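Okay, structure first, notes after.
The values are calculated or read from the model by the stated rules, or taken from the named source; none is laboratory data. Not measured: the values here are computed from a predicted model. Every residue, glycine among them, receives a Cβ derived from its backbone with ideal geometry; neighbour counts consider all protein chains shown.
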Amino acid sequence: MKITLAAVLSTRSLLEAGGRWFDDYVSRIARYTPCESQAFESEKALLEWIERQQGRTRAYAILFDSRGRQYSSEEFAAQVGRLRDEGTQRVVFAIGPADGWSPAAKQRADLLLSLGLMTLPHQLARVVVAEQVYRAFTILAGHPYHSGH
Ligand SMILES: C[S@@+](CC[C@H](N)C(=O)[O-])C[C@H]1O[C@@H](n2cnc3c(N)ncnc32)[C@H](O)[C@@H]1O
């Protein structure tokens, strides 16, 4: 299972804030499964890229939206584990545009997931997503990183 941490950003400099933390989690995730990060200038570019990722299985798109479903870290890990065990080839975790996702993007999403009801800035949201993906793999592996408190 290959993981892509994606973000729709109109300004590339937004990527730099939180960069060291983000990069650290990307390398930690890569100990468990191939992981890359991708930035897109528009939602359209992201959605087109997702459609081009067709392999043996359709890319599974998890779009982050404050009004989406809320999972505990354990529930999130279980979802990641299901996708891995089902043989999903690529899972995309995406942070959206400043104005939020369009109806078309929400329709394409396999899962709309919230990090909580408060709105976070892009830079922070992508670090939180990267950390939770890493945490999910440690939970699946029984690694002591996650104590559940
Ligand atoms: C700065 S936010 C945009 C917020 C948008 N202007 C609004 O008021 O809903 C940019 C992106 O960060 C992500 N994001 C921010 N807070 C979030 C949260 N609490 N849960 C999930 N995603 C969040 C979403 O992907 C959102 O599209």
**Message:** Exactly one condition in (1) charged (D, E, K, R); (2) touching a Pro at 6+ places or on another chain (Cβ under 6 Å); (3) farther than 29 Å from HIS143 by Cβ is false for LYS2; which is it?
**Reply:** (3)
**Complete:** For strands (runs of 3 or more DSSP E) lying entirely in segment 59-143, having 3 or more residues that are within 16 Å of the ligand (Cβ to nearest atom) and crowded, with 19+ Cβ neighbours inside 10 Å picks out 60-70, 90-95
**Message:** I'd like to check something: does segment 22-29 contain any residue that is at pLDDT below 95 and under 26 Å from LEU117 (Cβ atoms)?
**Reply:** yes
